[in-house]
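In what follows, a single structure is set out as structure tokens and then discussed.
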Amino acid sequence: MFIRSGVHRISMAYMMDDMWSGGYGYGFPFFGWGMMLIWLVLFLIIGYLVYLDANKRGMNGLLWGILIIIPMLGILFLILYIVVRETQLQRTVPGGEGAMDVLKMRYAKGEITSEQFKTMSEELKK
């Protein structure tokens with residue numbers, strides 16, 4: 001059954017537009033404001049979790065977090081992050097101590113002699 005009247009064709013076009021845009025005219029099929037808000041919150045949560053994970057692994061967490069939040073492209077960047085992320089967490093010196101602190105601890109424990117301590121501390125000061 002074909003509709004030949006131009007008026008009916010125009011109204012059919014508007015009906016199709018409303019169906020694909022959720023009635024809001026933004027081009028997302030079956031998406032209204034509620035669904036867009038849910039997706040935004042979901043992307044923000046995933047972006048935050050990626051940010052924390054990237055920081056633990058010694059990668060740039062802020063960059064990866066922002067890339068994940070980008071709508072539609074965020075899914076691609078999430079897959080890319082999972083593929084390229086470091087497999088092990090970044091190893092840090094216990095207590096976040098610097099090299100000189102570790103050297104002093106080794107000297108205090110008797111692991112190195114005073115001559116070795118002086119030589120190594122001079123090297124570290126360079």
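Numbers for the structure displayed
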{"read-out": "Filtered residues of the stretch 65-81 (kept if under 8 Å from the mean Cα position of the chain (by Cα) and among the β-branched types (Val, Ile, Thr))", "value": "Ile66, Ile68, Ile69"}
{"read-out": "Members of the stretch 101-123 found to be loosely packed, with under 12 Cβ neighbours inside 10 Å, within 43 Å of the chain's Cα centre (by Cα) and not charged (D, E, K, R), listed by number", "value": "Ala108"}
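Every residue, every condition in (1) small (Gly, Ala, Ser); (2) modelled with pLDDT under 85; (3) touching a Leu at 6+ places or on another chain (Cβ under 8 Å), yes or no:
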residue: Val7; (1), (2), (3): no, yes, no
residue: Tyr14; (1), (2), (3): no, yes, no
residue: Met19; (1), (2), (3): no, yes, no
residue: Phe30; (1), (2), (3): no, yes, no
residue: Met35; (1), (2), (3): no, yes, no
residue: Tyr51; (1), (2), (3): no, no, yes
residue: Ile70; (1), (2), (3): no, yes, no
residue: Ile75; (1), (2), (3): no, yes, no
residue: Val83; (1), (2), (3): no, no, no
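So that you can scan it fast, the table gives a plain yes or no per residue for (1) outside the structural domain of Gly47 (by TED's automatic domain parsing); (2) farther than 30 Å from Leu37 by Cβ; (3) at pLDDT below 85:
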residue: Ile79; (1), (2), (3): no, no, no
residue: Thr87; (1), (2), (3): no, yes, yes
residue: Ala99; (1), (2), (3): yes, yes, yes
residue: Val102; (1), (2), (3): yes, yes, no
residue: Arg106; (1), (2), (3): yes, yes, no
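The values are calculated or read from the model by the stated rules, or taken from the named source; none is laboratory data. Computed from a predicted model, the values in this text were never measured in an experiment. As a convention, Cβ positions derive from the backbone with ideal geometry for all residues, glycine included, and neighbour counts pool all protein chains shown.
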